[in-house]
């Protein structure tokens with residue numbers, strides 16, 4: 001997948017915003033202000049997603065394109081090669097999983113006040 005495809009898919013999820021708080025070389029995608037994806041814009045062929053710790057290890061064992069994220073807590077964050085043989089639907093599912101992992105940690109009231117988020121989690 002290309003950067004634009006990843007960005008577009010992430011922004012299609014409810015309550016998602018983007019910024020470049022880590023500098024011009026990284027695009028951060030957030031749900032309700034919390035990061036769920038980080039895309040490298042300068043020469044690196046990967047993007048970073050949050051992941052359930054057990055699922056993160058399982059993914060790394062089965063897919064060489066998925067590794068512990070460099071400069072992130074590897075227990076919770078994976079880096080995924082952008083230009084790989086991973087099917088687009090699978091990459092989309094990884095993005096949705098990352099989004100859901102972040103949403104799970106939001107305060108209950110914030111989730112209930114945002115019905116669009118609750119629809120994604122179903």
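The values are calculated or read from the model by the stated rules, or taken from the named source; none is laboratory data. The shown structure was predicted, so the numbers you read here are calculated from the model rather than taken from an experiment. With ideal geometry, Cβ positions are generated from the backbone for all residues, glycine too; neighbour counts draw on all protein chains shown.
Some observations on this one:
- Filter result for residue 43 (more than 25 Å from residue 106 (Cα to Cα) and either more than 12 Å from the chain's Cα centre (by Cα) or surrounded by 15 or more Cβ atoms within 10 Å (Cβ to Cβ) (or both)): yes
- Taken together, the residues in the range 92-122 that are crowded, with 17+ Cβ neighbours inside 10 Å, in a helix (DSSP H, G or I), at pLDDT below 80 and out of contact with any helix residue (DSSP H, G or I) (no Cβ under 8 Å at 6 or more places or on another chain) amount to 0.
- Any hit, the range 47-63, residues being in contact with a strand residue (DSSP E or B) (Cβ under 9 Å, 6 or more places away or on another chain), outside any loop (DSSP other than H, G, I, E, B) and farther than 24 Å from residue 105 by Cβ: no
- Tally, over the range 13-37, of residues that are surrounded by fewer than 12 Cβ atoms within 10 Å (Cβ to Cβ) and under 13 Å from the mean Cα position of the chain (by Cα): 0
- Close pairs (6 angstrom Cβ cut-off, 6 or more residues apart or separate chains): more than 15 Å from residue 94 (Cβ to Cβ) in the range 2-18, assigned to a loop (DSSP other than H, G, I, E, B) anywhere: 15/32; 15/114
- For the range 31-46, the candidate set comprises residues that are without any contact (Cβ under 8 Å) to a residue 60 or more places away in the chain and in contact with a strand residue (DSSP E or B) (Cβ under 8 Å, 6 or more places away or on another chain); within that set, the residue that is nearest to residue 68 (Cα to Cα) is 46.
- Within the range 70-79, the set of residues being in contact (Cβ under 8 Å) with a residue 24 or more places away in the chain and in contact with a helix residue (DSSP H, G or I) (Cβ under 9 Å, 6 or more places away or on another chain) comprises 76, 77, 78.
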